[in-house]
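What follows is one structure encoded as structure tokens, with my remarks underneath.
Bear in mind these aren't lab numbers, they're just calculated from the coordinates by the rules spelled out. Please read these numbers as outputs of a predicted model, since none were measured by experiment. Cβ: placed from backbone, ideal geometry, glycine included. Neighbour counts: every protein chain shown.
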Amino acid sequence: MTPARQTRAQRLAMPLARQVMRDLAIEHGGCIRPVQLRRTDITTGQTDQVLVPCGHTLATVCPACASRAKTLRAAQCREGWHLDTEPAIAPDDPDDEQQMWVERRAETQRDRDEAAAAGQDTAELDELAGELDELITRSGLRGHVLPAQPARRRRSTRRRQDTPDLPRKPIMARTIGRTYTAPDGTTYRPSMFLTLTCDSYGTVREDGTPADADSYDYPRAARDAIHFAALFDRLVQNLRRFLGYDVQYFAAVEPQRRLAPHVHIAIRGTISRADLRRVLAATYHQVWWPPADHVRYEDDELPVWHEASGRYLDPTTGAFLPTWDQALDAIGTTAEPLHVARFGPRFDAKGVLAGSKDTARCIGYLTKYLTKQLGHCHQAQTDAEHAHAERLADALRYELCSPACANWLRYGIEPKNPRPGLRPGQCKGKAHRREYLGYGGRRVLVSRKWSGKTLADHRADRKAWLTEALGISATDPARYSWEPVTPGDPDYMPNGRRLLHVVADRLKWQTALDEARRRAGVQAASLSATRRAA
Ligand SMILES: [Zn+2]
Ligand SMILES: [Zn+2]
């Protein structure tokens, strides 16, 4: 049968219908970018299609998945904060889903390496590999598929870090904080909520814009943002050494109105304000990178790529630029670090008791902006705010984001892992992009023994709760094999059809949940919270 010919009006209505499907899926809390998987029953050979939520954490990409991710983070934060027994950490065998993602990750790596060998741009494949790493982590495997690059250098720049001026205690294996017993016999196990900021770069007004833009220290603001994650690591190290136990944390990095990062930290256990001030004063991160105070190559006469050697040359003399390792080795013993990052002297610290209203409020702060990019948390409204964001972006453009940063070419140093086409001012590093405000690290930083569970474990908990509430028996994971469905396959569903299924599934779930609620007489509030998390 030939399909009926469409009128122009019908064709124009098509994208609208797609938009309606999308909106409907969002309204019902469904994923708008579901991944299609083919599930085969190993015993019967029967196949069916399963739509897996994309799991994206940004609301601009997938509102439902981002909102679920945020709820999950809140649950993770809540569970670990006031633990009163040591969490058990034991890895399980990989299951089928994990194996599938690992195989896809391997294929991507092969494609990427082939593209790199052919001198092609690998940015997209790198990004895909990063997403797959996320999926692998989400599926419950710990660590990454590829081991970190083996260190070739003998001389460590880390050793140059000065020891902080703090008394040190041996770190005990304990991760839970101390308890306090009141005269009436009640036991308290208080924990902490901290907010740490960067230093001042100049006076700012109420709206976060500088009172005097010309004297505001944009270069230092840019560098502090780039090294913020490393500074946070140093703080944790120092806290553990100072307090003498394996301090656990759940932290979220967010921008202040002045567009500098700050960090909210939930800590298990307590520390006095005086001690905290002491640890903060002694905490800094030195960046031992080659000096970059003198621009050697401007944009009109940049170093050139030499194909045969895979290196960069001086455009006039044809001499090789020093490699990254050579430049590091050339740092003199009396040299100063390129940058020293520190927290600002102002901080917020308060004790929080398990199960209190304060706990809920703090978890709200910790997860508030997680579904947004850093650069989208405070949208510029006024001219002054636009100008401030613009100046920071300018400062970040030629800042050095990492040893592999293309901007090293300006200073006559070959970036680490050089490849053709590197151009200062156009480095692909996240830190340079507007939406990251200089901070390219993870938004949520969770220590390994926080709740003793991965996000996948927390997700599984939710699912188990839900299947039990609905009286569904859990499926045996060993019964199925899984494979991705690609556009060439006969059973491939285009996105529009997937969304239809997503909406239908959500409606079915909601009806079943309402029914369960009626049956159990459970409070509506707790169920709707679970529905959001499901
Ligand atoms: Zn999604
Ligand atoms: Zn860079």
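Counted by neighbouring Cβ atoms within 10 Å, the residues Tyr411, Tyr492, Tyr439 run from fewest to most as Tyr492, Tyr411, Tyr439.
On a per residue basis, the convex hull of the C-alpha atoms belonging to the stretch 191-260 measures out at 101 Å³.
For the stretch 307-374, the alpha-carbon coordinates run over 68, 34, 19 Å along the three principal axes, in decreasing order.
Taken about its Cα centre, the chain carries a charge dipole of about 1580 debye when Lys and Arg each add +1 at the Cβ and Asp and Glu each add -1 at the Cβ. Its alpha carbons considered, the stretch 247-331 gives a radius of gyration followed by a Dmax of 22.0, 61 Å.
Going from the residue with the fewest nearby Cβ atoms within 10 Å to the one with the most, Thr367, Thr71 rank Thr71, Thr367. For the stretch 388-492, the dipole from Cβ point charges (+1 on Lys and Arg, -1 on Asp and Glu) about the Cα centre works out to 640 debye, to the nearest 20. Packing order of peptides 479-489, 386-396, highest average first: 386-396, 479-489 (average count of other Cβ atoms within 10 Å over each peptide's residues). Farthest towards the positive end of the charge dipole of the chain, among the residues His386, His28, Ala266, is the Cα of Ala266, using unit charges on the Cβ of Lys, Arg, Asp and Glu. How would you classify the stretch 19-77 from its alpha-carbon gyration tensor, with a ≥ b ≥ c the square roots of the eigenvalues: rounded for a/c under 1.5, else prolate if a/b is greater than b/c, otherwise oblate? Since a/c reaches 1.5 but b/c is at least a/b, the shape of the stretch 19-77 is classed as oblate. Based on the reciprocal of the average 1/r between different C-alpha atoms, the Kirkwood radius for the stretch 479-519 equals 12.6 Å. Given q = 0.12, 0.13, 0.22 Å⁻¹, what are the Debye log10 I(q)/I(0) values for the stretch 414-496, with equal point scatterers placed on the Cα positions and solvent ignored? Listed by q, the Debye log ratios stand at -0.87, -0.94, -1.05. Sorting Glu307, Glu131 by the number of Cβ atoms found within 10 Å of their own Cβ, with the fewest placed first, yields Glu307, Glu131. Listed by chain and number, the lysines placed with their C-alpha closer than 23 angstrom to that of Lys508 are Lys463; residues fewer than eight positions away on the same chain are left out. Taking every alpha carbon pair in the chain, what does the distance histogram look like in 10 angstrom bins from 0, in percent? Percent of pairs per bin, in order: 3, 14, 23, 25, 20, 11, 3, 1, 0. Here the spin labels are modelled as points 7 Å beyond Cα on the Cα-Cβ line, and at Thr317 and Asp214 they lie 3.9 nm apart.
With the charge dipole of the chain set up from +1 on Lys and Arg Cβ and -1 on Asp and Glu Cβ about the Cα centre, the Cα lying farthest toward the positive end among the listed residues Ala115, Met172, Gln6 is that of Met172. Positive end of the dipole of the stretch 458-522 (Cβ unit charges, origin at the Cα centre): among Ala520, Trp482, Gly471, the Cα lying farthest that way belongs to Ala520. All other residues whose Cβ lies under 10 angstrom from that of Leu370 are scored, Lys and Arg at +1 and Asp and Glu at -1, for a net of +4.
For the cross-link pairs Lys70/Lys453; Lys372/Lys430; Lys350/Lys430; Lys357/Lys430; Lys169/Lys350, the ones whose C-alpha atoms lie over 26 Å apart are Lys350/Lys430; Lys357/Lys430. Helical runs assigned H by DSSP (4 residues or longer) give the chain a calculated mean residue ellipticity at 222 nm of -12000 deg cm²/dmol, each run adding -39500 (n - 2.57) before division by the residue total. Summing Lys, Arg as +1 and Asp, Glu as -1, what charge do residues with Cβ under 11 Å from the Cβ of His306 carry, His306 excluded? In short, -2.
For the stretch 355-427, the convex hull drawn through the C-alpha positions has a volume of 160 cubic angstrom per residue.
By the Stokes-Einstein formula, at 1.567 mPa s and 4 °C, the stretch 226-381 with its Kirkwood radius over alpha-carbon pairs has D equal to 66 µm²/s.
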